[in-house]
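Structure record follows, encoded as structure tokens.
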Amino acid sequence: MKYILGIETSCDETGVGIFDVEQKKLLANVFFSQIDLHKEFGGVLPELASRTHLEKIKPITQQALQKAKINLDQIDAYAVTTHPGLTTSLLIGVCFAKSLAFAKKKPLIEINHNHGHIVSSFVDNNLILKNDLEFEHICVSISGGHSTIFLVNSPLEFAPIGNTLDDAAGEAFDKIAKIMDLGYPGGPIIETLAAKKNFEDFFSFPRPELENKFDFSFSGLKTSVLYKLVKLGAYSLKEKKSTHLMTQDLKEKIASSFLVCVRDILLKKIEHALKTYPNIKAVSFVGGVSNNNYLRKELGDFCEKFNKKFYLPPRQLTTDQGGMIAIAAYFKALAKDFSSYDLDIKRFSRL
Ligand code: KG4
Ligand code: ZN
């Protein structure tokens, strides 16, 4: 087996990646983000996402093949995300992958979207598989759709040990940005504003203590920010909009305090994991929020202090894309873990 093609359509990104098994390298990672299409609806509109996947999946596949400088007949296996995700979005990728695998008489590999995020940090910035990966390690997977901590025992074995009880961390970035009229996605804008105040903590937003110390709750943090702004007269709950007191200075202070709070929450979870699982060799940080330079640095410094390795994905693998699906499929192909042609999406699966 030489080339594996990975397909990702679980939410609002149509992605195709191609992994070269001999070189252990991701040759192509092409994706189309539907963010702009969904913006006007204030969130992902499932039917629109599904229809857009249908339109984009073929041209994106063709672009990935061009990028990898190969043709479809050279693909040796087809991999696809089957869960978790939006039913109607997952269906497009699964039907497409099944059709290709069946028509070309090649193996089919089903991938858990979370598995994709977990292995996204297994390649270096040249998209080549790292050869010094250590297990077991913990993976902090944080994006607009998920906030989960996984215990990763091997490239194929992982289990969630903590999850968000309400909003995902990225969602909190986006909602707070919306309250302050900053635009979407909120994460990068909040980071820029926070840097202006040197990541100082002005408001000491709450760091919740939860029963399972690995779980997250970001909805409370979002509410604390909102009520702080209401108390300061910068946001009107009645009119559901900001007032003239929402100054640039206040936005920067809120952004800075919020980001420091997110850092503290993440570090506390990691510290708890290191104490609970003494065999942990490394920590990885993946998903859309792992684009944040401040969090990258703070989590990295923390791991260094505890003498643990720290794995980050290359930037292009932080968001949802097919590259990570092709990498996960490589490990499943090594284990000869293939699916039958009547593969279906896994409905109602959160993890
Ligand atoms: O993985 P992703 O592209 O899509 C989802 O699965 O949600 O993640 C997008 C999320 C958004 O919530 C966005 O605000 C956040 O990642 N994000 C960031 C940064 N860049 C993107 N959050 C914090 N800091 C950033 N620099
Ligand atoms: Zn994702």
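Each reported figure results from applying straightforward, stated rules to the coordinates on display, with no laboratory input. Keep in mind that what you see is a predicted model, and the values were worked out from it rather than measured. Cβ sites come from the backbone with ideal geometry, for glycine too, and all protein chains shown count toward neighbours.
Relative to the longest principal axis of the C-alpha atoms of the chain, give the angle of the C-alpha long axis of helix 186-196, reported between 0 and 90° and rounded to the nearest 10°. Its long axis makes an angle of about 50 degrees. Here segment 138-269 is treated as a sphere whose radius is the Kirkwood value from Cα pairs; by Stokes-Einstein at 25 °C and 0.890 mPa s it diffuses with a coefficient of 160 µm²/s. Per residue of the chain, the DSSP helices (runs of n ≥ 4 H) give a summed -39500 (n - 2.57) that works out to -13000 deg cm²/dmol at 222 nm.
Given Lys98/Lys130; Lys178/Lys281; Lys240/Lys268; Lys241/Lys269; Lys56/Lys336; Lys25/Lys58, which pairs have Cα atoms separated by over 32 Å? Too far apart for the 32 Å limit: Lys178/Lys281; Lys240/Lys268; Lys241/Lys269.
Dipole orientation for segment 202-351: of the candidates His272, Tyr311, Tyr235, Tyr235 has the Cα lying most toward the positive pole (charges on Cβ; Lys, Arg +1; Asp, Glu -1).
Taking the Cα centre of each part, how many Å lie between segment 182-255 and segment 8-44? Answer, in whole Å: 30. In segment 66-164, the ratio of gyration radius to Kirkwood radius, Rg to Rh, stands at 1.01 when only Cα atoms are counted. Look at the Cα gyration tensor of segment 286-344: its axes a ≥ b ≥ c give a/c of at least 1.5 with a/b over b/c, and that counts as prolate.
Counting every C-alpha pair in segment 75-116, the share spaced more than 15 angstrom apart comes to 37%. Taking 19 Å as the cut-off, the amide N atoms of segment 194-224 that come nearer than this to a point 7 Å along the Cα-to-beta-carbon line of Thr247 belong to 194-204. Here each label is just a point 7 Å from Cα along the line to Cβ, and for Lys240 and Leu226 those points are 1.1 nm apart.
Here the dipole of the chain is about 180 debye; that uses its Cα centre as origin and unit charges on the Cβ of Lys and Arg (positive) and Asp and Glu (negative). Taking 14 Å as the straight-line reach from the Cα of Lys253, the aspartates and glutamates in range (excluding those fewer than 8 positions away in the same chain) are Glu191, Glu200, Asp201. Take the alpha-carbon centre of segment 318-348, take the same for segment 85-101, and report the distance between them in whole Å. Cα centroid of segment 318-348 versus Cα centroid of segment 85-101: 12 Å apart. Mean separation of Cα pairs under 8 Å and 6 or more residues apart, divided by the residue count, gives segment 82-170 a relative contact order of 19 percent. Going by neighbour counts of Cβ atoms within 10 Å, the residues Thr319, Thr247 line up, fewest first, as Thr247, Thr319. Taken over the chain, the percentage of Cα pairs per 10 Å bin, counting from 0 up to the bin with the maximum distance, is 6, 25, 31, 24, 11, 3, 0. Placing dummy labels 7 Å off each Cα toward the beta-carbon, the span from Lys105 to Glu22 is 2.3 nm.
For segment 182-259, the alpha carbon convex hull comes to 110 Å³ per residue, rounded to a whole number.
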